[in-house]
Amino acid sequence: MAGRRGARAVTGEASARRPRWRSMPAPAGAAVAAGAAVAFVGAVDPNEPGHYPSCPFLVLTGLHCPGCGGLRAVHALAHGDPVTALELNPLLVAAVPLMIFLWGRWALRSWRGEPFAGGAVRPAHAWILLAVTVVFWVVRNLPPGRFLAP
């Protein structure tokens, strides 16, 4: 029995000594993918017709969805123009710091070797985000909210 406990202790010590960088592929991969997507949208101008498909919701209904203007806003942000990005899609621009914060928290937890917290986002926060998105969607299509439309 002593041999088995010793083997477990050595195995536990070996996993505790695992280099921190080995726990970072998922957050690093997400950052690389997001960076590549922003670089692509920054390089391929969505303001020029024919580069990206039209918004299906806009085409079918004539109304702006919460994402309308998002590609052009990302293009503006990639070119260092936050004012234009805010004019195109303020919800997306407001969400960028939130996404960076959540990614940073995920990366820090991974770096520390803490397990992935599947319930890290509370249901109340998800409902609030959904409500804000729906309100933004409705208001940007009403006459007083036309300034929110791209």
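Quick notes
- Charge context of Glu87, other residues only, Cβ under 10 angstrom, K/R +1, D/E -1: 0
- With DNA, RNA and ligands ignored, accessible area of Glu114 (1.4 Å probe; Å², nearest 10): 70
- In this simple spin-label model, placing a label point 7 Å from the Cα along the Cα-to-Cβ direction at both Tyr52 and Met99 gives a separation of 1.1 nm.
- FRET efficiency, 1/(1 + (r/R0)^6) with R0 30 Å, evaluated for Phe40 and Trp127 via beta carbons: 0.40
The values are calculated or read from the model by the stated rules, or taken from the named source; none is laboratory data. Computed from a predicted structure; not experimentally measured. Note that we place each Cβ from the backbone using ideal geometry, even for glycine, and neighbour counts take in every protein chain shown. Calculation scope for accessible area: heavy atoms of the full protein, side chains included, ligands and nucleic acids excluded. Shrake-Rupley method; radii C 1.70, N 1.55, O 1.52, S 1.80 Å.
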